[in-house]
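Since the structure comes first, as structure tokens, the remarks are kept for the end.
The values are calculated or read from the model by the stated rules, or taken from the named source; none is laboratory data. Computed from a predicted model, the values in this text were never measured in an experiment. Please note: Cβ atoms are built from the backbone with ideal geometry, for glycine as well, and neighbour counts cover all protein chains shown. Heavy atoms of the whole protein, side chains included, go into the accessibility calculation; ligands, DNA and RNA do not. Shrake-Rupley method; radii C 1.70, N 1.55, O 1.52, S 1.80 Å.
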Amino acid sequence: MPGLPQIRVHANLSDLSPDSHDALVVVYSEFADFCSLQSAGISRAIEAVQPFAKVDKEFGKSVVLVPAAAVGGGRLILSPMGSLADDTDDVRKIGDAVKAGVLRATEAGARRPAICVAQGLPSADEVADADYSRWVEVALLAALDASYVTLVVREHRQSTGAALEKLESIDLVVVDGAVSAGDLDRAVQRASAIETGRRLAVDMGYGDAQRMTPYNCAATIRDAVKGVAGVTYEEIKDLDVIKREYPLLYNSARASFSGKSHAMFCVFTWPCVVKLEYRSPAPAEVKEHLYLVGKGVTYDTGGITIKIGAAMRGMSRDKLGACGVAGFVLATGLIQEHSVDLSCILAFERNSIGPNALLPDEVVVSRAGVRVLINDTDAEGRLVMTDPVAECRERIVAARAQGDSKPAAIYTAATLTGHVIRAYGWYGATVANGPARKGGFDRRLAVSGLAYGDPFENSIMRREDYSLVASKTDREDVYQSNAHPSTQTDRGHQYPAAFIIRASGLDKHSLGAGLEAAIPFVHVDIAGSAEDGVEPGLGLCAITGSPVATFAGAFWSK
């Protein structure tokens, strides 16, 4: 990946050199906030816009570029946020305005924009469901997002010599010294690490099914984490090992490696498992050990339960859970976070159609020894993650038996269901077991997501979720799913978590098992938050990089 643009932060507008930037983006709630800025250079810029404001009562209410010799490059861009303290306002308004302003600057030819947020922000007492404590990072991440060029575009441009990054540098000005110099420096470090991790996730996400096969995803992650302190990489490609250790993944992927006549092609669509470990450089400061499992379905045809109509469109993005986990590990290694250790398992497969495909009515035995009746091969995500969850459970139990008393929890990340989009729109959701609910593990993600502009909803598991998947015969132990799309199923994004818990053996670690045996588990469904929900013509939505920033906010020390 190319390096990020250079980032400079300034505690006052007067510290900004006209030679350092070629456009000034001013972000504000009301036009009057811009007009109240105090600085010799900006005063002349304010004078330059007054003629426009006098003849147009709507001036300053939308993004606009005004020629202004007093600012760098002669480009002044006004980008209003609107209110920040109303019922549904949150930090995304700052990020949206910064990104819109920077994009306008790049359209005008700028490559070194400066950004100024021209007002103070509401206090916690003034808002209901908003958190502006990370606004500097949100602003920087928005500007970096505006600068980002996807991997597939970079590879196309390499032959043309075109720029592989839209910006050379970013200057961020915090008016009136509202944030200390130390906090600004920390915000730059965190935002840079998060963005680098987010770019790994998004680079893989934009790759189509041939560019980002399971093996190519693994290679991309391997190259990204190589040399990062504290991060180790392992991959499992041997089909016999996968069959033994991850039988649900193996059977879900069967159609992707069948057919001797296509052997040379099929090897690149075979499943693989990537394991990432991160160890803190300060073991004495570690507060918890997190086990993260990511769904990496590089293309989802639905399997033999084939997706019909337009339902297969966009299914190259069904790997974004694993991509996000990989990005978070990379970001954590770059920031050298002291407070957490990570163990991650990413299950990559292509859910294909073929003569040896997994079939409904089959009973497959999970790693935990649970007999799973297959009802819908298009419910493959829960299959590929369940055995890795079982492995994480085994490791936690073994660590506790050896005297490791650090708190541990398991998280799954997946674009799992369309139901979560029907329920919440383009937002992610958590579904937690009893120990995780009691410990507030799911709430941590909601709080962090609010601060980083990636809000999550907290769904609650109910008894109906378990009863739906509970076997009613002696021929199996659990039902993988019903035979209907999640969007046509009551509680369609909640009950898959009950299946994962039951089929992985985590049901033995509920609140009822007692404090010593309990293991917190949170399923994170990012089907809504992984994309922005805006289709550009006949193209696919933009990929957001969720939940990299939210995980960073939840799991890194402050």
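With respect to (1) touching a residue at least 24 places away in the same chain (Cβ under 8 Å); (2) surrounded by fewer than 19 Cβ atoms within 10 Å (Cβ to Cβ); (3) not in a loop (DSSP other than H, G, I, E, B), the lone exception for S459 is condition (2). How many residues, within segment 147-170, are under 14 Å from A191 (Cβ atoms) and either of a type in the set (D, E) or out of contact with any strand residue (DSSP E or B) (no Cβ under 9 Å at 6 or more places or on another chain) (or both)? Residues meeting the conditions: 1.
Answer yes or no: is there a residue in segment 302-317 that is under 21 Å from the mean Cα position of the chain (by Cα), of a type in the set (A, V, I, L, M) and in a helix (DSSP H, G or I).
So in segment 302-317, the residues under 21 Å from the mean Cα position of the chain (by Cα) come out as 313-317.
Next, from what is left, pick out any that are of a type in the set (A, V, I, L, M): 315.
Filter again for in a helix (DSSP H, G or I), leaving 315.
Scanning segment 302-317, I find at least one residue that is under 21 Å from the mean Cα position of the chain (by Cα), of a type in the set (A, V, I, L, M) and in a helix (DSSP H, G or I), so the answer is yes.
Checking segment 107-120 against the condition returns a match, with at least one residue being open to solvent by 10 Å² or more (accessible area, probe 1.4 Å) and under 30 Å from G333 (Cβ atoms). Pairs linking a residue in segment 400-428 that is more than 15 Å from G324 (Cα to Cα) to a residue that is among the hydroxyl-bearing types (S, T, Y) and open to solvent by 60 Å² or more (accessible area, probe 1.4 Å), with Cβ atoms under 9 Å and 6 or more positions apart or on different chains, are T417/T487; G418/T487; H419/T487; V420/Y427; I421/Y427; I421/T487; R422/T487.
Pairs meeting the criteria (first residue in segment 328-344 and at positive phi, second residue open to solvent by 10 Å² or more (accessible area, probe 1.4 Å) and of a type outside the set (G, A, S), beta carbons under 7 Å, at least 6 apart or on different chains) are Q336/P281. Take the residues in segment 46-60 that are modelled with pLDDT under 90 and open to solvent by less than 50 Å² (accessible area, probe 1.4 Å), then tell me which one is farthest from K93 (Cα to Cα). Among those that are modelled with pLDDT under 90 and open to solvent by less than 50 Å² (accessible area, probe 1.4 Å), it is A48.
Of the strands (runs of 3 or more DSSP E) entirely within segment 349-449, those holding at least 1 residues that are modelled with pLDDT of 95 or more, open to solvent by 10 Å² or more (accessible area, probe 1.4 Å) and of a type in the set (A, V, I, L, M, F, W, C) occupy 363-365, 371-373, 408-414.
What are the residues in segment 484-512 that are open to solvent by less than 20 Å² (accessible area, probe 1.4 Å), among the hydroxyl-bearing types (S, T, Y), over 16 Å from Y411 (Cβ atoms) and part of a helix (DSSP H, G or I), if any? Result: Y495, single match.
Of the set (1) in a helix (DSSP H, G or I); (2) open to solvent by less than 10 Å² (accessible area, probe 1.4 Å); (3) farther than 14 Å from I194 by Cβ, all apply to A331 but (3). The set of residues in segment 140-163 being surrounded by fewer than 16 Cβ atoms within 10 Å (Cβ to Cβ) and either in contact with a His (Cβ under 9 Å, 6 or more places away or on another chain) or among the hydrophobic types (A, V, I, L, M, F, W, C) (or both) consists of V152, V153, A162, A163.
From the list A201, A193, A209, which one is more than 28 Å from P80 (Cβ to Cβ) and more than 19 Å from the chain's Cα centre (by Cα)?
On inspection, the qualifying residue turns out to be A209.
On inspection, D86 fails the criterion of being open to solvent by 50 Å² or more (accessible area, probe 1.4 Å), more than 22 Å from L16 (Cα to Cα) and in a helix (DSSP H, G or I). Across segment 61-80, not a single residue is classified as at pLDDT below 95, within 25 Å of P122 (Cα to Cα) and open to solvent by less than 30 Å² (accessible area, probe 1.4 Å).
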